[in-house]
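The structure is given below, and queries will be raised subsequently.
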Amino acid sequence: MIPSDILIVSFSALLTVFIILSGLAVIMQLIIRFFPFKETTEDVAIYSAIASVHSSLYPATKITKIEELK
C-alpha cells in the first residue's frame, strides 16, 4: 500500500465517523424536542422511607397526608 492511500483511507474513515455522529446528534435533538422530560411530582421512594421510619417510631399511628412546606 502506498502511504498516500493510507492517508486517504484514514481521512475517509474519520469523515464517515464524523457524519454518522453528526446524524445521531441531530436525531437525538429531535427526540428530545418531541419527547421532553416530564419531572414527576411524587417521589415514591421518599414517601416509602418516611412511612417506614414513621411506622417504626410510632407503631400505633397512620400517615394520612405528606406535603412539602414552602
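The values are calculated or read from the model by the stated rules, or taken from the named source; none is laboratory data. Just so it is clear, the structure is predicted and the values come from calculations on it, not from any experiment. With ideal geometry, Cβ positions are generated from the backbone for all residues, glycine too; neighbour counts draw on all protein chains shown. Just the protein is used for accessible areas: all its heavy atoms, side chains included, with ligands, DNA and RNA removed. Shrake-Rupley method; radii C 1.70, N 1.55, O 1.52, S 1.80 Å.
Just give me the residues in region 34-70 being of a type in the set (Ser, Thr, Tyr) and in a helix (DSSP H, G or I), in sequence order. Before the answer, list the steps.
Going through region 34-70, the residues of a type in the set (Ser, Thr, Tyr) turn out to be 40-41, 47-48, 52, 55-56, 58, 61, 64.
Across region 34-70, the qualifying residues are 47, 48, 52, 55, 56.
Out of the residues in region 23-48 that are among the polar types (S, T, N, Q) and surrounded by 10 or more Cβ atoms within 10 Å (Cβ to Cβ), state the one that is nearest to residue 68 (Cα to Cα). Don't jump to the end; show me each part of the working.
First pass over region 23-48, keeping only residues among the polar types (S, T, N, Q): 29, 40-41, 48.
Adding the requirement that they be surrounded by 10 or more Cβ atoms within 10 Å (Cβ to Cβ) leaves 29, 48.
Working: 29: 34, 48: 15 Å.
Restricting to residues being among the polar types (S, T, N, Q) and surrounded by 10 or more Cβ atoms within 10 Å (Cβ to Cβ), the top hit is 48.
Residue 51 versus (1) surrounded by 10 or more Cβ atoms within 10 Å (Cβ to Cβ); (2) farther than 30 Å from residue 64 by Cβ; (3) small (Gly, Ala, Ser): which is the lone unmet condition?
The number of the failed condition is (2).
Further question on the same structure: Could you tell me whether region 2-19 includes any residue that is open to solvent by 90 Å² or more (accessible area, probe 1.4 Å) and either among the acidic types (Asp, Glu) or assigned to a loop (DSSP other than H, G, I, E, B) (or both)?
Let us first name the residues in region 2-19 that are open to solvent by 90 Å² or more (accessible area, probe 1.4 Å), namely 2-3, 7-8, 11, 14-15, 18-19.
Checking which are either among the acidic types (Asp, Glu) or assigned to a loop (DSSP other than H, G, I, E, B) (or both) leaves us with 2.
Within region 2-19, one or more residues are open to solvent by 90 Å² or more (accessible area, probe 1.4 Å) and either among the acidic types (Asp, Glu) or assigned to a loop (DSSP other than H, G, I, E, B) (or both).
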